[in-house]
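*Asks:* Can you read through this structure? Questions will come right after.
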Amino acid sequence: MLSLSGSALADNSARVSLNGQTLAQQPSGSPASNYKTPTPFSYQGSPGKTTFQLSDNLDFTVTDQGEATGVDYSVGVACKAG
C-alpha cells in the first residue's frame, strides 16, 4: 500500500489537497499557530486502491491577508507490500 504523510506551515493559512481531495485545512484569519506549529496531513490508499494515479497532484493553496506570505512543508511517501 502506498501512503503519503507530511506537515505544513503557512502565513496566513493553507489548504493541502491531493488530486482535489482536501487532506488538511488550517484555520483562516491570522492565527500564529499556522506558522509556528506544523499542521499534519496524510493519505493512505482507499480499500482496493493500492497505488497512486499515474500522475498525482499535491497542492498547497495559501491564503494571505497582508503583505508577506509563505509556506513551508515536508512530505514523505512510503510503499508497503501486502
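*Asks:* Which ³J(HN,Hα) values, rounded to whole Hz and listed in residue order, are derived for the range 6-17 from phi using the Karplus coefficients 6.51, -1.76 and 1.60 in 6.51 cos²θ - 1.76 cosθ + 1.60 with θ = phi - 60°, glycine and proline given as x?
*Replies:* After applying 6.51 cos²θ - 1.76 cosθ + 1.60, I find x, 8, 9, 10, 8, 10, 9, 8, 9, 10, 10, 9 Hz.
*Asks:* Also: Here are labelled values, (1) 57; (2) 60; (3) 81, and one is the computed percent of Cα pairs over 15 Å apart for what I pasted. Which one?
*Replies:* (1)
*Asks:* What are the principal axis extents of the Cα atoms in the range 1-47, in Å, biggest first?
*Replies:* For the range 1-47, the Cα extents along the three principal axes come out at 37, 18, 11 Å.
*Asks:* Projected onto the charge dipole of the range 2-79 (+1 at Lys/Arg Cβ, -1 at Asp/Glu Cβ, origin at the Cα centre), which of 28, 62, 3 gives the Cα projection farthest towards the positive end?
*Replies:* Highest projection toward the positive end goes to 3.
*Asks:* Continuing with the same structure: How large is ³J(HN,Hα) for each residue in the range 27-32, as worked out from phi by the Karplus curve 6.51 cos²θ - 1.76 cosθ + 1.60 (θ = phi - 60°), to whole Hz, x for Gly and Pro?
*Replies:* Karplus-based 3J(HN,Hα) across the range 27-32 equals x, 6, x, 9, x, 4 Hz.
*Asks:* What number, rounded to the nearest 500 deg cm²/dmol, is the helix-based mean residue ellipticity at 222 nm of the chain, given -39500 (n - 2.57) per DSSP H run of at least four residues and division by all its residues?
*Replies:* The helix-only estimate for the chain comes to -500 deg cm²/dmol at 222 nm.
*Asks:* Now for a separate question. So what is the relative contact order of the range 2-79, in percent, for Cα pairs below 8 Å that sit 6 or more residues apart?
*Replies:* Reported relative contact order: 50 percent.
No value in this document is a laboratory result; all are computed from the given coordinates. Quick caveat, the model's predicted, so the values are computed rather than measured. A quick note on method: Cβ atoms are made from the backbone with ideal geometry, for glycine too, and the neighbour counts reach across all protein chains shown.
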